[in-house]
Amino acid sequence: MRLFAMIVAMVLAVLPVRAEERVTLGWGRLFTNDAFGDGSDRWRTGGYTLSRVRGASWSGSLPDRVGDILEFRFRGEIIAPENLIAAVPGDRRYAGTLAFGLHTHFMLGQAETSIGGDLVVLGPQTGLGKFQRAAHDLLGIAEPQVLNNQIGNRIAPTVTGEMGRSFRVGGTVTLRPFVEAQAGVESLVRAGGDIVVGGAWDDALMLRDVTTGQRYAGIRSLARGVSFTFGADIARVFASDYLPGGGAAELSDERMRARAGVEWQGERAGVFYGLTYLGPEFEGQPEGQLTGSLRVNFDF
């Protein structure tokens, strides 16, 4: 909690004095569900991220000063065992998660940098188990029967930082290696990269989804057209509140992701669809999973 408070205090301390001049520069959203992937309703089964980006202006590139660009982030996610009716021995427990965060994006030398903190709320107190049960009932799907063995209530302050650098390797091809560190609800270090082919994200502020690693626009580009994105990363994981020690499912100390997506951006509408392979996260997990991400934008 102290580390989280220090990060938030640091961000607030460097905010421009005339904060009243801040405006909303953009909204980022991404809906992720394995119904768009392998359709199996298991493990990292679904989530939604909403980001509101505030600042005085956006020139198409990150500012040098911490706090000039702020992202207010809300995220919800459901994590489940493979079988929602009767979990098999050794499988992971059900977990509902809500997160509320503040992040800032800036240039540190030549590195595109983000740092921020989230208060991550876990357990039945989130109401996500009841929400999924009601949704299944509405859709005529068997209701989850594993909610009595879900991760308990707690609040986990979490700090995350990322540094990356973009390189133009062709007229419309951008390569961006990155490193990331996180401490809190999950503690890990990660390294990877993304490739973008096309110009639909030129001059956009790109944000990264926590679960899949897919990037989504927090401030949209004025460019029009189609972009394709490909990425992968690997993480060393030290601890996870979703897979606590002493539980039936033992945390794996390595985790990998691979992803691809396509963005179409028109004059008044845009669509993104991506697929992500998530490697096993705990010992004994028989295989990885394929999950899909979707964003649809309309300007009226």
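The values are calculated or read from the model by the stated rules, or taken from the named source; none is laboratory data. Bear in mind that the values here come from a model prediction, so they are computed numbers and not experimental data. Quick reminder, even Gly has a Cβ in these numbers, built from the backbone with ideal geometry, and neighbours come from all protein chains shown.
Which members of the range 119-146 meet the condition of being of a type in the set (A, V, I, L, M) and farther than 28 Å from residue 158 by Cα? Correct list: 134, 135, 138, 139, 141, 142.
I'd like to check something: does the range 138-158 contain any residue that is of a type in the set (D, E, K, R) and farther than 22 Å from residue 27 by Cα? Yes, that holds for at least one residue.
Does residue 86 meet the test of being in contact with a helix residue (DSSP H, G or I) (Cβ under 7 Å, 6 or more places away or on another chain) and either at pLDDT below 95 or of a type in the set (D, E, K, R) (or both)? So residue 86 does not fit the description; no.
Of all residues being in contact (Cβ under 8 Å) with a residue 60 or more places away in the chain and of a type in the set (A, V, I, L, M, F, W, C) in the range 205-232, which is nearest to residue 74 (Cα to Cα)? Just the residue, please. Ranking the qualifying residues of the range 205-232, first place goes to 210.
Here is the figure for the range 247-281: residues that are crowded, with 20+ Cβ neighbours inside 10 Å, at pLDDT 95 or above and farther than 15 Å from residue 214 by Cβ total 2.
Quick check, is residue 300 modelled with pLDDT of 95 or more and of a type outside the set (Val, Ile, Thr)? The answer is no for residue 300.
Being at pLDDT below 95 and among the small types (Gly, Ala, Ser) narrows it down to one residue among 96, 101, 76, 67; which is it?
67
Restricting attention to the range 139-162, does a residue exist that is surrounded by 16 or more Cβ atoms within 10 Å (Cβ to Cβ), basic (Lys, Arg) and not in a helix (DSSP H, G or I)? No, there is no match, as no residue in the range 139-162 is surrounded by 16 or more Cβ atoms within 10 Å (Cβ to Cβ), basic (Lys, Arg) and not in a helix (DSSP H, G or I).
Taking the stated definitions as given, is residue 260 more than 16 Å from residue 29 (Cα to Cα) and either of a type in the set (Gly, Ala, Ser) or part of a loop (DSSP other than H, G, I, E, B) (or both)? In short, yes. Looking across the range 84-103, the residues that are under 15 Å from the mean Cα position of the chain (by Cα) and either surrounded by fewer than 21 Cβ atoms within 10 Å (Cβ to Cβ) or farther than 21 Å from residue 211 by Cβ (or both) come down to 98, 100, 102. Quick check on the range 185-225: of everything there that is assigned to a loop (DSSP other than H, G, I, E, B) and under 15 Å from the mean Cα position of the chain (by Cα), which residue is surrounded by the most Cβ atoms within 10 Å (Cβ to Cβ)? Taking the candidates together, the pick is 214.
Within the range 171-180, is there a residue that is part of a loop (DSSP other than H, G, I, E, B) and within 29 Å of residue 262 (Cβ to Cβ)? Within the range 171-180, one or more residues are part of a loop (DSSP other than H, G, I, E, B) and within 29 Å of residue 262 (Cβ to Cβ). Could you list, in sequence order, all residues of the range 125-134 that are among the aliphatic types (A, V, I, L, M) and surrounded by 13 or more Cβ atoms within 10 Å (Cβ to Cβ)? Once the filter is applied, which keeps residues that are among the aliphatic types (A, V, I, L, M) and surrounded by 13 or more Cβ atoms within 10 Å (Cβ to Cβ), the range 125-134 yields only 128. With respect to the stated conditions, residue 197 is of a type in the set (A, V, I, L, M, F, W, C) and in contact (Cβ under 8 Å) with a residue 12 or more places away in the chain.
Applying the condition of being closer than 15 Å to residue 235 by Cα and part of a strand (DSSP E or B) to the range 277-300 and asking which residue is farthest from the chain's Cα centre (by Cα) yields 282. The set of residues in the range 39-72 that are part of a strand (DSSP E or B) and buried (at least 19 other Cβ atoms within 10 Å of the Cβ) comprises 43, 44, 45, 46, 47, 49, 51, 53, 55, 70, 71.
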